[in-house]
1. Conditions: (1) at the interface with chain B (Cβ under 10 Å from one of its Cβ atoms); (2) at pLDDT 90 or above; (3) surrounded by 18 or more Cβ atoms within 10 Å (Cβ to Cβ). Residue A:179 meets all but one. Number of the miss?
2. Residues to consider are A:174, A:162, A:129; find the one that is surrounded by fewer than 17 Cβ atoms within 10 Å (Cβ to Cβ), modelled with pLDDT of 85 or more and either part of a helix (DSSP H, G or I) or touching a strand residue (DSSP E or B) at 6+ places or on another chain (Cβ under 6 Å) (or both).
3. Yes or no: residue A:148 at pLDDT 95 or above and either over 18 Å from the mean Cα position of the chain (by Cα) or in a loop (DSSP other than H, G, I, E, B) (or both)?
4. If I filter segment B:18-35 for residues that are under 27 Å from residue A:212 (Cα atoms), more than 7 Å from chain A (Cβ to nearest Cβ), touching a helix residue (DSSP H, G or I) at 6+ places or on another chain (Cβ under 7 Å) and crowded, with 22+ Cβ neighbours inside 10 Å, do I get at least one hit?
5. Within segment A:260-281, how many residues are at pLDDT 85 or above and not in a strand (DSSP E or B)?
6. Take residue B:85 and tell me if it is in a loop (DSSP other than H, G, I, E, B), in contact with a strand residue (DSSP E or B) (Cβ under 7 Å, 6 or more places away or on another chain) and either modelled with pLDDT under 90 or more than 7 Å from chain A (Cβ to nearest Cβ) (or both).
């Protein structure tokens, strides 16, 4: 009995492979003659039985000869197995392939759409992230206006050096009135720049500033200045431009700025023209300066 | 001291608290500015010793409508420094 089982297994395995080969070969040769189900049974049977007899005779002939009773039931078993394989194997494989291809394609398309959506969603998300963590300098430290009243001067004299620059196409003469001032953090101080328009035409200028070293910039607060707004100078006019500022008292507690005793405040004037884009900080609302009136 | 790092693509400029000074086209407060400059020169550029002069200048600006009138405390001037000047 064990021998018959062995024989069954061997033959079934061989027939499976042989059946697949048979079906592929026959389908390739004459695909129109055969549908997935309608393989002529007679032809199949003969071929299978031939191969079966060959294989089984060669490998298990000894066992068959010994046990006569297993021939017929074995044959029917093998036949049913082969039939099922013949019927379903090509369909099953192609169906499987088709299904797996479909699901793979769907996954790939889904991943693509997800990536695309992520790229678009990244813009506001990054903004929120930057505001939360303060990375990239976008989260500008809010000015605590009440702090000006209560802050106390720290006894650590800091030298503030003033620098004035003009864009290459700008024809103003722009210079600081004082080269440097010694200031204590927590104390408000005043400084002056002078600008002159030597040309015969009115020129509108707009300025921006920078503080060096970079880390000291976050402690440099200006109460009022002349920056980021258009300033008009008539021909041959000279004006004084004040800067009213203070250094945050927390400057003294920053370990990175322990060795810093000099701060450079650098202003640059540009000519205000259409299409001029200055890197202005986040201005929440437009500022309306009080209109200068002649006091009679 | 660190130079501009990878993340600091923006400049460290912040908008001023009270906005921009209107330009003094008529040079009405120029004398006060000159006084302040002289004080700085005398005191070796120490701003701490010239707070009165700076207060005078700002007062001139306020009176000539070149600056919004503010309480001196909000501008960082304490009562001790007011001296002979009155609070507006």
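The values are calculated or read from the model by the stated rules, or taken from the named source; none is laboratory data. What you see is a predicted model; the values in this text were computed from it and never measured. Methodologically, a virtual Cβ is constructed for each residue, glycine included, from the backbone with ideal geometry; neighbour enumeration extends over all protein chains shown.
1. Just one mismatch for residue A:179, condition (3).
2. After applying the criteria, what remains is A:129.
3. no
4. no
5. Matching residues across segment A:260-281 total 2.
6. No: the conditions fail for residue B:85.
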